1. Measuring from centroid to centroid over Cα atoms, what is the spacing of segment 256-281 and segment 191-208 in Å?
2. Given K277/K297; K43/K297; K217/K297; K178/K304, which pairs have Cα atoms separated by over 23 Å?
3. If neighbour count is taken as other Cβ atoms inside 10 Å, put Y183, Y264, Y143 in order from fewest to most.
4. Starting from the Cα gyration tensor of segment 35-154, multiply each eigenvalue by 5, take the square root, and state the resulting semi-axes largest first in whole Å.
5. State, as an integer percentage, the relative contact order of segment 35-154 based on alpha-carbon contacts under 8 Å between residues 6 or more apart.
6. Check F261: other-chain or 5+ apart residues with amide H under 5 Å from its amide H, H built from backbone geometry?
7. Each residue of segment 238-244 in turn: what ³J(HN,Hα) in whole Hz from Karplus with 6.51, -1.76, 1.60 and θ = phi - 60°, glycine and Pro shown as x?
8. How big is segment 178-277 by the Kirkwood estimate over distinct Cα pairs, in Å?
Amino acid sequence: MTDEVRLWELAAELRRSLGILHKRDIQTAADRLGNYVQSSDQKPILLGDDCAAIPDGDGYLLLAAEGIWPTLVETDPWFAGWCAVMVNVSDICAMGGRAIAVVDTLWSPSPAAAEPLWQGMVAASQAFNVPIVGGHTSCHSPYAALSVAILGRANRLITSFGAQPGDVLLHVVDMQGKMHPKYPFWNAATEADRDRLRAHLDLLPQLAEAGLCDTGKDISMGGIVGTTLMLLETSGVGAVLDLGAIAPPLGIDLLPWLLSFPSYGYLLSVRPEAVEKIQPQFHSRELVCNPVGTITKGQTLTLKLGDAALCFWDFASESLTGFGGKICEV
């Protein structure tokens with residue numbers, strides 16, 4: 001199979017993936033809220049990032065929430081509870097922050113049905129050293145559902161709005177894990193050493209505070225390609241993404257790896273001169289930090305594989321989340 005044929009097939013599968021298609025649901029929020037809101041002191045809070053960054057003194061309060069996929073809540077409730085805390089902590093970390101506390105909203109048919117959700121949440125809370133400080137609980141629901149919100153703080157931000165033409169895209173991921181047996185989740189957290197988990201999370205705020213990185217996102221259910229699209233949309237730029245540089249773990253094919261949601265995975269957009277300063281900080285902790293693309297002018301995402309290339313997305317004709325292409329007038 002030629003690179004051109006393989007790339008075309010990968011692109012077709014990526015376009016059909018639910019992780020990317022579901023990002024379009026965010027347009028319902030963008031249509032109603034616009035691109036920013038005013039804080040209490042009339043400073044703009046930009047929308048469309050991993051967290052809302054609320055100006056607070058010399059830094060920012062970070063506020064985010066995640067609803068957990070109902071299928072996961074139903075079929076693997078312990079892991080759903082764990083993920084509810086983990087994904088929120090990851091959102092805080094992705095913006096250069098440190099988590100303070102979480103609250104949960106839990107609906108369940110009975111206390112017994114809620115128990116594994118609670119066990120997973122408490123286990124993650126302890127592993128990441130982020131307390132659960134309240135929320136809402138109902139055990140008289142006709143169904144089970146779970147969401148978690150988080151509060152954090154950043155001294156300096158990593159946002160989705162600052163990618164610049166010429167930036168290098170770095171793929172950061174912990175490869176010491178395994179794929180969930182049923183779903184596209186790369187789990188490098190539940191069996192990992194707690195000190196290791198916490199040290200890894202602190203790397204991104206350290207980069208932000210050192211002035212080495214100001215732009216990035218955590219890799220979400222859209223996988224690395226969907227995450228790249230969201231970053232480009234909010235920054236108003238294009239990119240070339242080299243799929244051949246995104247090497248999967250041993251025994252995992254490229255497509256499921258591209259679609260996977262890693263427990264520790266980030267896409268950073270950094271100035272070229274910062275790459276050699278950033279990579280050793282991840283490599284010294286046995287984390288992958290590889291260049292996988294370049295930010296360009298324009299509004300297109302081009303995918304490469306070997307000698308083949310194709311235009312995967314053109315924001316001039318197709319939006320994704322809707323949080324892009326608008327001028328913030330404040």
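Read the figures in this text as sums done on the coordinates, not as results from a lab. Note that the coordinates shown come from a computational prediction; the quantities given were computed from them, not determined experimentally. With ideal geometry, Cβ positions are generated from the backbone for all residues, glycine too; neighbour counts draw on all protein chains shown.
1. Measuring centre to centre over Cα atoms gives 14 Å.
2. Working: K277/K297 25 Å; K43/K297 29 Å; K217/K297 19 Å; K178/K304 26 Å.
Result: K277/K297; K43/K297; K178/K304 exceed 23 Å.
3. So the ranking, lowest neighbour count to highest, is Y143, Y183, Y264.
4. Values for segment 35-154, descending: 29, 15, 12 Å.
5. Result for segment 35-154 is 33 percent.
6. F185, W186
7. Working through the residues one at a time gives x, 6, 10, 10, 8, 5, x Hz.
8. For segment 178-277, the Kirkwood estimate is 15.0 Å.
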